[in-house]
Amino acid sequence: QVQLVESGGGLVLAGGSLKLSCVASGDTFTINEIGWYRQTPGKQPELVASIRSGSAPTYADSVKGRFTISGDNAKNTVYLQMSSLKPEDTAVYYCNARAIYNAYWGQGTQVTVSS
């Protein structure tokens with residue numbers, strides 16, 4: 001089992017920045033991909049960014065050039081640096097980790113961008 005705990009969400013003005021963190025614990029050695037999704041009311045979660053060992057990060061077209069995903073293996077932590085935030089980035093952001101047979105989710109952190 002893997003546990004994920006997100007932090008760093010909040011309220012920010014358009015054009016501002018936030019950095020989200022996701023700390024993984026438990027059987028972290030089973031994780032082969034980790035990333036961030038976001039969800040707004042009434043919609044399915046959408047992939048924002050993900051990272052896989054040995055591969056280039058993947059980004060949604062809507063965040064390319066503004067968001068950066070990175071990881072610190074020593075801290076079992078993945079980050080999402082968000083810059084030039086827009087009101088349409090407002091959502092609950094979830095950390096997601098994928099292992100061979102399982103997928104794990106954090107509890108989510110709210111990001112609200114005010115115009």
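The values are calculated or read from the model by the stated rules, or taken from the named source; none is laboratory data. In this text the structure is predicted, and so the values were computed from the model without any measurement. Please note: Cβ atoms are built from the backbone with ideal geometry, for glycine as well, and neighbour counts cover all protein chains shown. Please note that ligands, DNA and RNA were not included when accessible areas were found on the heavy atoms of the full protein model with its side chains. Shrake-Rupley method; radii C 1.70, N 1.55, O 1.52, S 1.80 Å.
General remarks:
- Under the criterion of Cα pairs below 8 Å and six or more residues apart, the relative contact order for the range 1-107 equals 36 percent.
- Selection of trypsin sites (Lys or Arg not before Pro), the range 49-80, meeting DSSP coil and at most 15 other Cβ within 10 Å: R52, K64, R66
- Close amide H contacts of A99 (hydrogens built in the peptide plane, cut-off under 5 Å, sequence separation of 5 or more or a different chain): N32, Y104.
- Length gained when the stretch L11-Q39 is fully extended (0.36 nm per residue, less Cα-Cα span): 8.5 nm
- For the chain, carbon and sulfur atoms together expose 50% of the accessible surface, with a 1.4 angstrom probe and every protein chain in place.
- Length-normalised contact order for the range 1-58 - Cα pairs under 8 Å, 6+ apart - percent: 25
- Spin-label model distance (nm) - S84 vs Q1, 7 Å beyond Cα toward Cβ: 4.2
- Using the alpha-carbon positions of the chain, Rg (one decimal) and Dmax (whole number) come out as 13.4, 41 Å.
- Taken over the chain, lysine pairs spaced eight or more positions apart, or on distinct chains, with alpha carbons under 23 Å apart number 6.
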